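> Before we start, here is the structure in question, set down as structure tokens.
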Amino acid sequence: MLVVGAGIIGLASLAALKGLFPDCPVTVLARHRHQAAAAAAAAAACGADHVALTDPTSADFEQLAQIAGARVVGRKANLMLMSGFPYVVEAVGAAQSVTEALRTVAPRGTVLLLGAAGVSEVDLTPIWYKEVALVGSIDHTVDSRSAPGLAGGPDRHSVDRALDVLAAGLLPPDVVVTHEFSLAQYRDAVETPIDRGESRAIKVVFRLQSVLS
């Protein structure tokens, strides 16, 4: 399984996957170096198998192909994995990350759009070329099925499963919380994650005790 994106959505996806399906190999593809470092730190907590970094020369496709036992086809900016990952979680929402998810998924595999992608220009070729299933997810619900890991019992609400994953320490706050602000600093808090490459932000939080003290 591949998670495209190592921001807070991607790291939370990693934690959930390794919590619910501990024996499932998970690879994380990060956009920025600080995200890759965070993913590696989170991997130590929840057991991610591989962390790759997006490369402008497309060297990441060669690395992902080696991990998945696949081969790279295409030229220059139009590379694609044949075989690839059977299940890919797109956890960014940007056009490039959606395209990467589609290009790295295995034939007849599934791409889950978790990054809330909107109107954008995406290469849809892999959908028909590899007969890919593209699905979305947003709401919480009671899941009647079970999973082999923690919080995996049947008939549990997804919020309860998420709380169990957090309680197990699979999403370490010292890794994902990179910036803290008081409510009075709300402008700085909003501006900080806009350019994650510059600010190195992953999760920005407000600390109410700063106001009370």
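The values are calculated or read from the model by the stated rules, or taken from the named source; none is laboratory data. Keep in mind that this is a model prediction, so the values were computed, not measured. Quick reminder, even Gly has a Cβ in these numbers, built from the backbone with ideal geometry, and neighbours come from all protein chains shown. To get the accessible areas, we keep the full protein, side chains included, count just its heavy atoms, and leave off ligands, DNA and RNA. Shrake-Rupley method; radii C 1.70, N 1.55, O 1.52, S 1.80 Å.
> Only one of Val92, Val72 is assigned to a loop (DSSP other than H, G, I, E, B), touching a strand residue (DSSP E or B) at 6+ places or on another chain (Cβ under 9 Å), surrounded by 12 or more Cβ atoms within 10 Å (Cβ to Cβ) and not small (Gly, Ala, Ser). Can you tell me which? Step through it out loud before you land on a result.
Numbers: Val72 fails: assigned to a loop (DSSP other than H, G, I, E, B).
Going through Val92, Val72 in turn, just one is assigned to a loop (DSSP other than H, G, I, E, B), touching a strand residue (DSSP E or B) at 6+ places or on another chain (Cβ under 9 Å), surrounded by 12 or more Cβ atoms within 10 Å (Cβ to Cβ) and not small (Gly, Ala, Ser): Val92.
> Also, I was wondering about something else. If you take the residues of segment 75-88 that are open to solvent by 10 Å² or more (accessible area, probe 1.4 Å) and within 24 Å of Gly197 (Cβ to Cβ), which of them is modelled with the highest pLDDT?
Here the answer is Leu79.
> Could you figure out which of (1) modelled with pLDDT of 90 or more; (2) closer than 27 Å to Pro148 by Cα; (3) surrounded by fewer than 16 Cβ atoms within 10 Å (Cβ to Cβ) isn't true of Gln66?
The number of the failed condition is (2).
> Can you work out which of the residues in segment 95-131 that are acidic (Asp, Glu) and open to solvent by 20 Å² or more (accessible area, probe 1.4 Å) is modelled with the highest pLDDT?
Within segment 95-131, the subset acidic (Asp, Glu) is 100, 121, 123, 131.
Imposing the further condition that a residue be open to solvent by 20 Å² or more (accessible area, probe 1.4 Å) reduces the set to 121, 123, 131.
Details: Glu121: 92, Asp123: 92, Glu131: 96.
This residue is Glu131.
> Can you name the residue in segment 60-113 that is on the phi > 0 side of the Ramachandran plot and of a type outside the set (D, E, K, R) and, of all such residues, is farthest from the chain's Cα centre (by Cα)?
Within segment 60-113, the subset on the phi > 0 side of the Ramachandran plot is 69, 74, 76, 83-84, 93, 108.
Filter once more, keeping what is of a type outside the set (D, E, K, R): 69, 74, 83-84, 93.
Details: Gly69: 21, Gly74: 25, Ser83: 20, Gly84: 17, Gly93: 10 Å.
The selected residue is Gly74.
> What number goes with the only condition from (1) over 17 Å from the mean Cα position of the chain (by Cα); (2) open to solvent by 60 Å² or more (accessible area, probe 1.4 Å) that Leu166 does not pass?
(1)
> Could I ask something else about it? Among the residues of segment 4-26, which ones are charged (D, E, K, R) and either in a loop (DSSP other than H, G, I, E, B) or open to solvent by 40 Å² or more (accessible area, probe 1.4 Å) (or both)?
If the condition is that a residue be charged (D, E, K, R) and either in a loop (DSSP other than H, G, I, E, B) or open to solvent by 40 Å² or more (accessible area, probe 1.4 Å) (or both), then Asp23 is the only one that fits.
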